[in-house]
Amino acid sequence: MLLPPPYCAAAEVPALLRSRGFAAVSPPGVAELAGRPLPHLQALAPSWDDLPPDTYLKDGGRYRRRRHSCFVAEGGRLEQAPHRAHWQPVEYNALHGGMQRWFEPMQPDVVAQPAWSGLLLALAGIASGLRGAQPWFIEAHQFRIDTTDGIGRPTPEGAHRDGVDLVAVFLVDRTGIKGGETRVFDADGPAGQRFTLAEPWSVLLLDDERVVHETTPIQPSEPGGHRDTLVLTYRAGGFQGG
């Protein structure tokens, strides 16, 4: 049995991020945050069917496909940054930190959608509510974790922080799998909560300084099982790695 997320109203997100470091929002709430009808967000989903394999997995797995692009939000405007490698320090990603990982960029017709810019700018406003108005350096990751080899690991690095200010984990699709439980813990203590994102375009928002997070492995419940997510990270001062 799946544990339901502790959904909050869109208007409650800033207060919950300040008080406990995370907030979960239902698909209608995400549409409200983005200022776009939910079908406009759902129209982005087919692009997850065209993700190249992630060739950097150090555990030898073949279960992850992804694309990665970067953006800068400032003054209510969103601009795509020149394509760059994804880099994290080993302090935040012990498995893949310290590597320059070059992934294929997101498709131009996806990032050109008004729903895309509306979503990223809305979360930039939430980040500014946490840390103050400033430019936000955004990394966008499209992930598909599949079960072709019997098991897929959404977070092979384990419970972690991302080294940013705000993290958003959107569930885009969940088909033919079991597992994939989300776990959020206080960074400085044992308190935590666990639940499963199961509704397309539900989201978990995280104050990355306050909490660590992970998602448990998935296994197939039917052929072709997979889990699609969109992960957006917001960082003040520049992209990681300079």
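The values are calculated or read from the model by the stated rules, or taken from the named source; none is laboratory data. Everything numeric in this text was worked out from a predicted model, so none of it was measured. Note: ideal-geometry Cβ built from the backbone for every residue, glycine included; neighbour counts use all protein chains shown. Heavy atoms of the whole protein, side chains included, go into the accessibility calculation; ligands, DNA and RNA do not. Shrake-Rupley method; radii C 1.70, N 1.55, O 1.52, S 1.80 Å.
Observations on the model:
- Scattering profile of the chain at q = 0.07 Å⁻¹ [log10 I(q)/I(0), Debye over alpha-carbon scatterers]: -0.20
- Thr233 contributes an accessible area of around 10 Å² to the protein surface, as traced by a 1.4 Å probe with all chains present.
- For the range 23-39, 3J(HN,Hα) per residue [Karplus equation, 6.51 cos²θ - 1.76 cosθ + 1.60, θ = phi - 60°, Hz, x = Gly/Pro]: 8, 10, 10, 6, x, x, x, 5, 4, 5, 4, 6, x, 9, x, 4, x
- Cα-centre dipole for the chain with unit charges at Cβ (Lys and Arg positive, Asp and Glu negative), debye to 20: 100 debye
- Taking only the C-alpha atoms of the range 107-210, Rg followed by Dmax gives 15.3, 45 Å.
- Here the range 120-179 was treated as a single set of alpha-carbon atoms; its pair distances binned every 5 Å from 0 give 4, 12, 22, 20, 14, 13, 9, 4, 2 percent.
- Remark: the range 182-242 carries a charge dipole of roughly 60 debye about the Cα centre, counting +1 on each Lys and Arg Cβ and -1 on each Asp and Glu Cβ.
- Amide proton proximity set for Thr147, modelled H, under 5 Å, gap of 5+: Gly225
- Look at the alpha carbon pairs under 8 Å that are at least 6 residues apart: their mean separation over the length of the range 84-199 gives a relative contact order of 20 percent.
- Computed from the Cβ-Cβ distance with R0 of 25 Å, the FRET efficiency linking Gln219 to Thr55 stands at 0.60.
- In sequence order, calculated HN-Hα J values of the range 204-215 (Karplus, 6.51, -1.76, 1.60; Hz; x Gly/Pro): 10, 9, 10, 7, 5, 6, 9, 9, 10, 8, 7, 10
- Along the range 111-116 the Karplus relation, 6.51 cos²θ - 1.76 cosθ + 1.60 evaluated at θ = phi - 60°, assigns HN-Hα couplings of 6, 7, 5, x, 5, 5 Hz to successive residues, with x for each Gly and Pro.
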